[in-house]
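Chemist: Let me begin by handing over the structure; questions about it come next.
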Amino acid sequence: MKRIYLDNAATSFPKPDSVYQAVMETLQGGGSAGRGSHQQALAVDRLLFDTRELLAERFNAENSHHFVFTASATMAINLALFGLLTAGDRVVTTSMEHNAVMRPLRALRERGVDVVQVNSDPVSGILDVAAVKQACLAQPTRLLCVSHCSNVSGSLQPIDQLGPWCHQQGIIFMLDAAQSAGTIPIDIQADGIDLLAAPGHKGLFGPQGTGFLYFSKGLELIPLMYGGTGTQSGSDRQPEQSPERYESGTQNSPGLAGLKAGLEFVRQIGIDAIRERDRLHGEKLLSGLQSIDRVQVYGPGDPEQRCGALSFNISGRDPAEIGFILDRDFCIAVRVGLHCAPNAHRTIGTYPGGTVRVSPGWLSTDDEIDTFIDAIKRISQT
Ligand SMILES: Cc1ncc(COP(=O)(O)O)c(C=O)c1O
């Protein structure tokens, strides 16, 4: 039986062939970025520069050197939060956040940062913009931190109503774009984004071990790590300039070569075409699953308000059992449980049992989605 991969919210698979090739060629080419002036090192320098330029183009940023490479979205989020916040600062965040945001904020709360959580709608998982603004204005607020698209319910937050408003109020706006980078158009300037954290390995098709943080001009972050950057080697002080300041240690050039190929793939397909296919997949899944007795689908009913992941349960059944049967009997990969986002499950009423999460990708086919819906129909009848 052919395997069907519907777990793209965890990591996209398969990657475009150009991504595998780029990783291999860079490994075979040798050289380390910023480490030498020989041709192999310079080629890797160029590769990293080009990748940053592609990121700046993808997200409409003015300065590509404000993109810092990280090993994951989690590392990017940690760099932003620990780099920015100190005791006495106030942060407003949402009930749909991933542990990648919740846990650093919890640790920061223990260091004296005031963290306020605004609950999303229990049915759609979407934020009430007025409630967010009210929470931000209740006391002086330094940062609003929002997950663009929930990895549990697929709920897409109305960031165009938040980022520009934050700018007017002098509040820093941070977006966790783990589930939307590469699938939903994001415009750093128009959306008023000051901090953008994302993985390279999901919608941007790069390999695991890649991610990035963008920070806007004028923001001063404390580095997460200190060490060799290949620049100002005579000094024991961390360089001031970006991106070196935040990129100590040897860079993951094979991974970043894969990310560059992934970014080129997204550019070639076009973000609007990717978004449209994602929306059609969502529509097909929604209508297919909602037509099955005993299946409850969570999150927005309108495909325009969702992206990527879709969560559901079959009444009376443990999601873990459904995932196990899908894998064993139908060769279908999905993810079950709490998806590292317990408060999102509390919001939509699926804590502590969790849900079955299905997340097609660009390379998923209509046939695969039909097979999946048929499998759920059959499982629900047993
Ligand atoms: C919404 C959200 N934020 C952050 C992350 C963390 O991403 P990474 O695993 O690349 O660190 C994920 C991962 O699934 C996510 O879904």
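Chemist: May I ask you to verify whether L204 is outside any loop (DSSP other than H, G, I, E, B), within 16 Å of the ligand (Cβ to nearest atom) and either surrounded by 23 or more Cβ atoms within 10 Å (Cβ to Cβ) or not hydroxyl-bearing (S, T, Y) (or both)?
Modeler: Details: outside any loop (DSSP other than H, G, I, E, B): no; within 16 Å of the ligand (Cβ to nearest atom): yes; either surrounded by 23 or more Cβ atoms within 10 Å (Cβ to Cβ) or not hydroxyl-bearing (S, T, Y) (or both): yes.
When the stated conditions are applied, L204 does not pass them.
Chemist: Name the strands (runs of 3 or more DSSP E) wholly inside the stretch 43-137 in which the number of residues that are within 15 Å of the ligand (Cβ to nearest atom) and touching a residue at least 12 places away in the same chain (Cβ under 8 Å) is 2 or more.
Modeler: Hits in the stretch 43-137: 67-70, 90-94.
Chemist: Just checking, how many residues over the stretch 351-375 are within 16 Å of the ligand (Cβ to nearest atom) and surrounded by fewer than 21 Cβ atoms within 10 Å (Cβ to Cβ)?
Modeler: 0
Chemist: Across the stretch 138-161, what is the number of residues that are assigned to a loop (DSSP other than H, G, I, E, B) and either within 16 Å of the ligand (Cβ to nearest atom) or not assigned by TED's automatic domain parsing to the domain that holds D194 (or both)?
Modeler: Result for the stretch 138-161: 7.
Chemist: For the stretch 8-34, what are the residues that are in contact with a helix residue (DSSP H, G or I) (Cβ under 8 Å, 6 or more places away or on another chain), small (G, A, S) and either closer than 30 Å to A333 by Cα or not assigned by TED's automatic domain parsing to the domain that holds A177 (or both)?
Modeler: Once the filter is applied, which keeps residues that are in contact with a helix residue (DSSP H, G or I) (Cβ under 8 Å, 6 or more places away or on another chain), small (G, A, S) and either closer than 30 Å to A333 by Cα or not assigned by TED's automatic domain parsing to the domain that holds A177 (or both), the stretch 8-34 yields S18, A22.
Chemist: So if I check each of C331, C340, C307, which one is outside the structural domain of L156 (by TED's automatic domain parsing), modelled with pLDDT under 95 and closer than 24 Å to F13 by Cβ?
Modeler: None of the others qualify; the one that does is C307.
Chemist: Let me ask something else about it. Could you list, in sequence order, the residues of the stretch 143-158 that are hydrophobic (A, V, I, L, M, F, W, C) and more than 28 Å from A87 (Cβ to Cβ)?
Modeler: Scanning the stretch 143-158 gives C149, V152, L156.
Chemist: Looking for something over 30 Å from D370 (Cα atoms), of a type in the set (S, T, Y), touching a strand residue (DSSP E or B) at 6+ places or on another chain (Cβ under 8 Å) and touching a residue at least 24 places away in the same chain (Cβ under 8 Å) - is there at least one such residue anywhere in the stretch 10-27?
Modeler: Checked the stretch 10-27: no residue is over 30 Å from D370 (Cα atoms), of a type in the set (S, T, Y), touching a strand residue (DSSP E or B) at 6+ places or on another chain (Cβ under 8 Å) and touching a residue at least 24 places away in the same chain (Cβ under 8 Å).
Chemist: Could you tell me whether any residue of the stretch 296-311 is in contact with a Leu (Cβ under 7 Å, 6 or more places away or on another chain), in contact (Cβ under 8 Å) with a residue 60 or more places away in the chain, under 19 Å from K202 (Cα atoms) and in a loop (DSSP other than H, G, I, E, B)?
Modeler: Among the residues of the stretch 296-311, at least one is in contact with a Leu (Cβ under 7 Å, 6 or more places away or on another chain), in contact (Cβ under 8 Å) with a residue 60 or more places away in the chain, under 19 Å from K202 (Cα atoms) and in a loop (DSSP other than H, G, I, E, B), which makes the answer yes.
The values are calculated or read from the model by the stated rules, or taken from the named source; none is laboratory data. Because the structure is predicted, anything quoted here is derived from the model rather than measured. Note that we place each Cβ from the backbone using ideal geometry, even for glycine, and neighbour counts take in every protein chain shown.
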